[in-house]
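Beneath this line is the structure, given in C-alpha cells, with notes to follow.
The values are calculated or read from the model by the stated rules, or taken from the named source; none is laboratory data. This structure is a prediction, so every number in the text was calculated from the model and none was measured. Note that each Cβ is placed from the backbone with ideal geometry, even for glycine, and that neighbours are counted across all protein chains shown.
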Amino acid sequence: MSDGYFKRLRFLLNAQLRQGLRPRQLALALAVGVTIGVLPVIWGTSIICCFLAYGLRLNQAIVQLANYLVFPFQILLYIPYLQGGEKLFSTSLLPINTALFFEQIQTTPWVFLQEFGQINLQAAVAWCMTTPLLFLSVFFLSFLLISRLSRRT
C-alpha cells in the first residue's frame, strides 16, 4: 500500500477525533468492522456491521470502512475457515476438485445449496472460535495507535 493511502487513513481518523470521537470508541468501531469483515460468508457483512454499529452506538462510517478494508482478508481466509469447520465437525463436504464442484451445481442445485449452507455454517463456527482473539488484538492495537495519534493532534 502506498504512503498516500496511510496519509488519507490518518487524516480520516484525525478528523473523527477532532469531531469528538474518543480513541476508545474509534478503536471499538474499527475492531467490530474488522472482526465482522472477515466472517466467511458471501453475503451480509455490511448488514451485520450496520446492526452492530447501531446497537453499540458506534460510528457507522468507521465500522463500514473497516469492514470494506478487510475484504481481501475475507477472501484469503475463506478457504481456511471452511477447512477449519470441516475439521471441527469431522465432515468432508467440500468437493475435492472444481469439475466435481461445478457438476454438482448443474445436476443437483438444491442438494448443492443445502451442502454449501452447511459448509458455510461450519466455517462460521470456526470463525467464532477465532473471533475473541481477533477482536481483542485489533481493538488493543488500534487503541494504542489512535491514542498516540490523538496526542499528536
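Under the condition of being aliphatic (A, V, I, L, M) and surrounded by fewer than 15 Cβ atoms within 10 Å (Cβ to Cβ), which residue from region 107-123 is farthest from LYS7 (Cα to Cα)? Step through it out loud before you land on a result.
Of the residues in region 107-123, the ones aliphatic (A, V, I, L, M) are 111, 113, 119, 121, 123.
Pick out the ones that are also surrounded by fewer than 15 Cβ atoms within 10 Å (Cβ to Cβ) and you get 111, 113, 121.
Values: VAL111: 49, LEU113: 44, LEU121: 38 Å.
For region 107-123, the residue satisfying everything is VAL111.
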Practice prompt. Tell me, please, whether a residue that is aromatic (Phe, Trp, Tyr) and exposed (fewer than 14 other Cβ atoms within 10 Å of the Cβ) can be found in region 132-142.
Written response: yes
Worksheet item: Name the residues in region 50-103 that are surrounded by 13 or more Cβ atoms within 10 Å (Cβ to Cβ) and of a type in the set (Val, Ile, Thr), would you?
Response: ILE62, VAL63, VAL70, THR91
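Which ones in region 98-138 are among the hydroxyl-bearing types (Ser, Thr, Tyr) and over 18 Å from ASN67 (Cβ atoms)?
Residues of region 98-138 among the hydroxyl-bearing types (Ser, Thr, Tyr): 98, 107-108, 130-131, 137.
Residues satisfying the conditions are THR98, THR107, THR108.
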Worksheet entry | Residues within region 7-59 that are touching a Ser or Thr at 6+ places or on another chain (Cβ under 7 Å) and either part of a loop (DSSP other than H, G, I, E, B) or within 24 Å of GLN118 (Cα to Cα) (or both), tallied | 4
Discussion item. I'm told PHE101 meets every condition in (1) assigned to a helix (DSSP H, G or I); (2) in contact (Cβ under 8 Å) with a residue 24 or more places away in the chain except one. Can you identify the failing condition by its number?
Written reply: (2)
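Sort through GLN104, GLN122, GLN64, GLN60 and tell me the only one that's on the phi < 0 side of the Ramachandran plot, modelled with pLDDT under 90 and touching a helix residue (DSSP H, G or I) at 6+ places or on another chain (Cβ under 7 Å). Break it down into steps so the answer makes sense when it comes.
Numbers: GLN122 fails: modelled with pLDDT under 90; GLN64 fails: modelled with pLDDT under 90; GLN60 fails: modelled with pLDDT under 90.
Checking each option against the conditions leaves just GLN104.
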